[in-house]
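Student: Pasting in a structure now, in structure tokens, and then I'll have a few things to ask.
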Amino acid sequence: MAQTSESYSTRGDTIAFSLCVLIAVAARLAPLAYTDPVASAIRETILAPFLELQNQSELWRVRRSEFTAIMARSDSALAIAGRVQGLEQENARLRAILGLRSRMPVHHVAGEVLHQTQPTRGNKLIISVGEQDGVRRWAPVVAVGGLVGYVQSVDRGTAVIRTWTDPEFSVSVTALNDSVFGLVGPRFGDGRMMLELRGVSYGGRIPEGTVVYTSGLGGVYPRGIPVGRIRAVIDDRVEWSRTYLLEPAVHEASVSHVLLLLAEAGDLSSVFDPS
């Protein structure tokens, strides 16, 4: 019985296949006047859902291509905008350093801070001028905002600047028209590099926001270079002095160009504050 059922099934498949072949041949050979209406009816009924799916798939493909193109144009526009913004910032820094140079009354040379490919201590900068440009050791180094540090060593075409972030940095400063004097050095341990003004007499109270300048004492830095701005009193427990927290006039990470002062200068207050 099983064999008979299987033979009937095979025979039915063969008949069905033969009918499909005959219909296909007949449709192929039949005149268009007969086949077009049949094909149209099949498309509108049996094949309609499949044709709609194909149409939707094509629409999604086109929209995805358009979205990809729009995103590519957007990324290009953002990249161009970023470059333009970077160029504007660089131009602003160059204009600022040129303005400072035009006001500087003492012989100086300008230098660019070089990218350092080798690991160095964070309190040093390498600049693009050296012995051939007249740079010498201990020359004071300033930027647009104020004091950066001094020249530690000189090669023929480059020099190394030791900045105010060095633990041994110290500079004599004055504020409030020479009514207050003290020593400024780096302050560590607050998660951010700051400065502190030490040794201010207890009676010499300095208001927040006051700018302190180099005093000209000590023989390295000329008078009148901004060093920092008073932020707060951080220690007044000592009976004879106070210690103040200072915001640096120049943050090392923002320095791209500097001026090296190659001759003795007088009071530079008007250079950094033309008003």
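The values are calculated or read from the model by the stated rules, or taken from the named source; none is laboratory data. Model, not experiment: these values are computed from the prediction. Cβ placement follows ideal geometry from the backbone for every residue including glycine, while neighbour counts extend to all protein chains displayed.
Student: Taking the stated definitions as given, is residue 253 farther than 17 Å from residue 173 by Cβ, in contact (Cβ under 8 Å) with a residue 24 or more places away in the chain and of a type in the set (Gly, Ala, Ser)?
Tutor: Criteria not met by residue 253.
Student: Go through (1) more than 36 Å from the chain's Cα centre (by Cα); (2) within 23 Å of residue 125 (Cα to Cα) for residue 181 and report which single condition fails.
Tutor: (2)
Student: While we're looking at this one, here's another question. Picking from 106, 141, which residue would you name as being of a type in the set (A, V, I, L, M) and at pLDDT below 95?
Tutor: 106 is the lone residue from the list that is of a type in the set (A, V, I, L, M) and at pLDDT below 95.
Student: Could you figure out which of (1) surrounded by 15 or more Cβ atoms within 10 Å (Cβ to Cβ); (2) in contact with a Ser or Thr (Cβ under 7 Å, 6 or more places away or on another chain); (3) touching a residue at least 40 places away in the same chain (Cβ under 8 Å) isn't true of residue 183?
Tutor: Unmet for residue 183, out of (1) surrounded by 15 or more Cβ atoms within 10 Å (Cβ to Cβ); (2) in contact with a Ser or Thr (Cβ under 7 Å, 6 or more places away or on another chain); (3) touching a residue at least 40 places away in the same chain (Cβ under 8 Å): (3).
Student: Then there's this: What number goes with the only condition from (1) modelled with pLDDT under 95; (2) closer than 22 Å to residue 110 by Cβ; (3) under 28 Å from the mean Cα position of the chain (by Cα) that residue 156 does not pass?
Tutor: (3)
Student: Name the residues in segment 193-210 that are within 30 Å of the chain's Cα centre (by Cα) and under 24 Å from residue 151 (Cα atoms), would you?
Tutor: Across segment 193-210, the qualifying residues are 193, 194, 195, 196.
Student: Moving on to the next point. Can you report the number of residues in segment 221-250 which are assigned to a loop (DSSP other than H, G, I, E, B) and either modelled with pLDDT under 90 or not assigned by TED's automatic domain parsing to the domain that holds residue 171 (or both)?
Tutor: Matching residues across segment 221-250 total 5.
Student: Next up: Look through segment 119-138, keep the residues that are within 24 Å of residue 246 (Cα to Cα) and surrounded by 13 or more Cβ atoms within 10 Å (Cβ to Cβ), and return whichever of them is nearest to the chain's Cα centre (by Cα).
Tutor: That would be 125.
Student: For residue 209, are the conditions met, namely being touching a Lys or Arg at 6+ places or on another chain (Cβ under 7 Å), part of a loop (DSSP other than H, G, I, E, B) and surrounded by 17 or more Cβ atoms within 10 Å (Cβ to Cβ)?
Tutor: Taking the combined requirement at face value, the residue does not satisfy it.
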